[in-house]
Amino acid sequence: MKARLASIFLSVIFFSVFVPALQAQDLGPHFKKLADGIYVEATSEASSTCGIILTKAGVVLIDSGFRASDAQEVTEAVRKLTPLPILFLIDTEAHPDHTTNHWVFSPPAVVIAGEGTTESMKKAFAAPDFLTRIDMPRAALTNYQLITPQVEYHEKMTLHVGERTLELMRLANVHSEADTAIWLPSERVLFAASAAVPKSLDNIRSFVTIQDKINAFTMMKALNPEIVVTGHGSPGTVKTFDESTQYYTLLVDRVKKMVQEGKSEDQIKQELRMPEYDSWAGKDRMPTNIDAAYRAVKAGYSPGD
Ligand SMILES: [Zn+2]
């Protein structure tokens, strides 16, 4: 009995000395631990979020980030956390701030994304200023390679990696040309792409609709996640979906009233005020929000009714 206790005691000492429990702080100030084996990295509140999911079979990354320093931090963190390889890299959206560093991880990682991602990435890459915008030492840029997804799924895809299940769901017309929500049902963690970002206005492109955004918020809230990780901003809860739904509902309602008063879209852009959201970031994006609300009103959409 004594020998057994001694051996247990020794193993406890061994593990506490040689296998320290790794906290997110040990990974650096830009990391947060969300659950066992699930971490996120973001340089600042505004920059894009990278996710690290550890499994017994290997690592799954979510988004590769824009800055070279993000890829470096994620690479170092993975090395500290596990000797296992990075198997998959999943894109929550097609835009460069989420996809620029793919070349750092793939190969060997297989990049998985929603249909339309490759086309969108190639278009962004073809822009003459693409490489000059990349935050990377000039010398390293000569080796830059655009790595587009090896796998594009259509509507849904389920990945079983080690002990974890990841359900990929395409969110149509909510932010980029191809947006994906990634749902871990056992862990109740949802990577929600950039359909909504906490307390921030979206730069709404012409193909994005408020109807699709609100439908996506409703669908994602119904999953009942405990943790919601958006493409930018601190991880939170479904409150982000509620707040964004309220925002768009009020916006469409106000635009609808002004349309009924006979105002033109230009007049609405000049006169419309949303003082309730003065504290939100990205107010220079309001014209694109009014465009979307105007399209919604013209399509007969009225979320408040
Ligand atoms: Zn984006």
Task: In segment 145-190, residue farthest from residue 95 (Cα to Cα) [restricted to those that are within 16 Å of the ligand (Cβ to nearest atom) and of a type in the set (S, T, N, Q)] - done: 173
- [ ] Go through segment 230-267 and give me each residue that's open to solvent by 30 Å² or more (accessible area, probe 1.4 Å), polar (S, T, N, Q) and touching a residue at least 40 places away in the same chain (Cβ under 8 Å).
- [x] 234, 245, 249
Task: Residue among 204, 147 that is in a loop (DSSP other than H, G, I, E, B), of a type in the set (Val, Ile, Thr) and closer than 25 Å to residue 59 by Cα - done: 147
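Quick check on this structure: which one of 213, 199 is within 16 Å of the ligand (Cβ to nearest atom) and either free of Cβ contacts under 8 Å to residues at least 12 places away in the same chain or of a type in the set (Lys, Arg) (or both)?
213
Out of segment 268-279, which residues are open to solvent by less than 40 Å² (accessible area, probe 1.4 Å) and outside any helix (DSSP H, G or I)?
To start, the set of residues in segment 268-279 that are open to solvent by less than 40 Å² (accessible area, probe 1.4 Å) comprises 268, 272, 274, 277.
Hits for segment 268-279 are 272, 274.
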TODO: Note down all Cβ pairs under 7 Å where the first residue falls in segment 99-113 and is touching a residue at least 12 places away in the same chain (Cβ under 8 Å), the second is charged (D, E, K, R) and open to solvent by 50 Å² or more (accessible area, probe 1.4 Å), and they're at least six residues apart or on different chains.
DONE: 113/152
Open item on the list: Residues that are loosely packed, with under 14 Cβ neighbours inside 10 Å and under 22 Å from residue 52 (Cβ atoms): does segment 169-185 have at least one?
Closed with: no
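What residue, among those in segment 280-305 that are assigned to a loop (DSSP other than H, G, I, E, B) and of a type in the set (A, V, I, L, M, F, W, C), is surrounded by the most Cβ atoms within 10 Å (Cβ to Cβ)? Please lay out each step first, then the result.
Within segment 280-305, the first condition is being assigned to a loop (DSSP other than H, G, I, E, B), and the residues that meet it are 280, 282, 299-305.
Then drop every residue that is not of a type in the set (A, V, I, L, M, F, W, C), which leaves 280, 299.
Numbers: 280: 17, 299: 11.
Filtering first and then ranking leaves 280.
The values are calculated or read from the model by the stated rules, or taken from the named source; none is laboratory data. Everything numeric in this text was worked out from a predicted model, so none of it was measured. Counting neighbours? That spans all protein chains shown, and the Cβs are built from the backbone with ideal geometry, glycine included. Quick note on the areas: whole protein, heavy atoms, side chains included, nothing else; ligands and nucleic acids left out. Shrake-Rupley method; radii C 1.70, N 1.55, O 1.52, S 1.80 Å.
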